[in-house]
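The values are calculated or read from the model by the stated rules, or taken from the named source; none is laboratory data. Note that the coordinates shown come from a computational prediction; the quantities given were computed from them, not determined experimentally. Methodologically, a virtual Cβ is constructed for each residue, glycine included, from the backbone with ideal geometry; neighbour enumeration extends over all protein chains shown.
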Amino acid sequence: MIRQAKDLLKQHWLTFNKRASRSYVAGGELASALQVCQQFEQQGLANTVAYWNANDDAPRLVADNYLCTLTALAGADMNGYLSIKVPALGLSAELVREVAEQGRRLRLGVHFDALEPEAADATFALIAEAQRHNPQIGCTLPGRWQRSLQDADRAVEAGLRVRVVKGQWADPSEPERDLRAGFLAVIERLAGRARHVAVATHDPLLACEAVQLLRAAGTSCELEMLYGLPRKALLRVAHTLNVPARVYVPYGEAWLPYRLAQVRKNPRVLWWVLRDAFSVS
C-alpha cells in the first residue's frame, strides 16, 4: 500500500511538473523559439537558444537539434548563441566536436550548461575538446557548488565566457550552502579576471550587486534571464546600470528540475509547481 501510494504520488508529481514547465519553453519546435527570439531582438534583447531534450532522445537526435539551431540562428542574423547539455549528447566527444565545428563555421558561440555536480568533470573535459574547434566557448558555474571557485579559475585560464547561476542541484558535500553568498563568491572570483560574465539571476538586488562588482573590476558583463520568468525588475536593473540583457530561450521538452525531496526542505516548491501548472492554458 505504501509503495503504491508513493508510486501514485510520483506519477502525479511528474504530470504537474511537466505541465508547470510549459511556460518556461517557447514551444516544442525550433521555429517557436526563433519567433520568440526575434520578438526579443526587436526589444533590444540578445538571446541564447537551448534544445531541451526528452529523456528518451538519442544523442544523435540531440546533436542534430543543436546543429539545426546553430544554422537557424546564423540565418536569422540575431545576437545569439547555442546552449547545450553534454549528458544529453551521451558525453560524446565526437558529437561535441561536431557541434563546436558547426558553431565555428557559422561564427557562433556554444555554451555548456551545468547539470548535476557528478557531470561537472566530464563537462569540463568536453569543454576543452570543444575549444580546440571553436574559440567561442562558454561554461556555467553554479554558486551553490564548492567546486565552482576552482572551476572559475579554470574558466579564466581557458578564456571562457562564464554564466553564473545559483544552481538547481545541491552540492553533495554542502547541501545547505547559501545560494546568494555562493553566487557572489563566484562573481568575486571572476571579477577583474574573466573574459565575460553573464549574471543569470532573477533576483534584482543580487543582480545589481553582481554587476557592480564586475563593473568596478572592469569585467565585461551582461544580465541573463530565463524565458517564462518575470523580466521587468531585471530590465530596470539593466537600464539603470546600462548593461546588456539576454534571454535564455528553451524549446523542446517541457521540464524543470523540481524534485519531491525539495518539497520537504522548501514547501514553497510545491506552491511554485502548482501555480505554474494551473496558470498555463
Test: residue in the range 158-168 that is among the charged types (D, E, K, R) and in contact with a Cys (Cβ under 9 Å, 6 or more places away or on another chain): yes
Top-ranked residue of the range 198-227 - restricted to ones that are outside any strand (DSSP E or B) and β-branched (V, I, T), ranked as surrounded by the fewest Cβ atoms within 10 Å (Cβ to Cβ): T219
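Where residues in the range 228-275 are among the small types (G, A, S) and surrounded by 12 or more Cβ atoms within 10 Å (Cβ to Cβ), which of them is modelled with the lowest pLDDT?
A254
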Listing of strands (runs of 3 or more DSSP E) fully contained in the range 107-197 that carry 3 or more residues being among the hydrophobic types (A, V, I, L, M, F, W, C) and closer than 25 Å to P250 by Cα: 137-142, 161-165
Matching residues in the range 171-199 - criterion: being at pLDDT below 90 and of a type in the set (K, R): R177
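In the range 128-143, which residues are more than 17 Å from V197 (Cα to Cα) and buried (at least 18 other Cβ atoms within 10 Å of the Cβ)?
A130, H133, N134, listed by residue number.
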Some residue of the range 39-59 being at pLDDT 95 or above, more than 30 Å from V243 (Cβ to Cβ) and part of a helix (DSSP H, G or I): yes
